[in-house]
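This report refers to the structure that appears directly beneath it.
The values are calculated or read from the model by the stated rules, or taken from the named source; none is laboratory data. Bear in mind that the values here come from a model prediction, so they are computed numbers and not experimental data. Virtual Cβ from ideal backbone geometry, glycine too; neighbours counted across all protein chains shown.
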Amino acid sequence: MSACRPLVAVAVVALLALSGCAKQSAVDPASVAQPDDISLGNPNAKVRVVEYASASCPHCARFDIDVFPAFKAKYVDTGKVRYTLKEYLTEPVVIAAAGFLIARCAGRDRYFAVLDALFKGQSEMVQSGDPRTVIGQIAQSSGGLTPAQLDACLRDDAAEKALAARADRHLHVDKVTSTPTFIINGRRVEGEMTMPELDAAISQAAK
C-alpha cells in the first residue's frame, strides 16, 4: 500500500500510545484555494501542486524525506510551482492532530520545518513508544515553543476545532480518502509520487 487511510476524529487532550500504487482520476474541485491553506512558492506560478497529507502517515513521511527536497528545489524555489499542504488526519489521530497544531503554533515561517521534523521523527516515536517526548523535542527545536507554550497549544480548543473543521472539509467536501493525495492543476493523483512522476505531471500541467 502507498497511502494512509483516515480515522475521522480529533482528540488532543494528551498524547497517548501509538497505536498502493498511484491512481489518477479526472479534474476535481479539491484544488480550490482556501484562506487557511499554508503554501510555499510563487503565488502566480502556472502550476499548483496541492498535497493532502497527515503528520502521522508513513507514506507522507517517505515522500517528504525522499522526494520533497528535490521537488522543492527544482520547482517551488524556482517559482515554477505553488505548493500547498492540506491537513488530513490518519491513525494515530492524536499524533497527527498534535503535529499540525504545534506546526501552526510555531507560525507560518516554521510550519514546514516542524512538519519535516515530525515526518523524520516518526520512526523514533514508534521505536521509543514515547511520542509525547519526541513531539515535545520537535516543538522546541524546530518550532521554538517552550514547554508552557506547547501545553497551551495542545489545549487550545479553538485551534483544535479549526483543525477538525479543515480535516472534515478535506474528507467530506474535497472527497479525499487517503494520504498522500496530490492535486496538480486539478488532476488528482492518489498515493506516493516519485520525482519522475512529478516531472511528467508538472510538465503536462504547464502546457
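In this entry, Tyr88 is excluded by the filter for residues that are of a type in the set (Ser, Thr, Tyr), touching a strand residue (DSSP E or B) at 6+ places or on another chain (Cβ under 9 Å), more than 14 Å from Ala167 (Cβ to Cβ) and buried (at least 18 other Cβ atoms within 10 Å of the Cβ).
Here the strands (runs of 3 or more DSSP E) wholly within region 1-69 that include at least 1 residues being within 20 Å of Met193 (Cα to Cα) and modelled with pLDDT of 95 or more are 38-40, 47-53.
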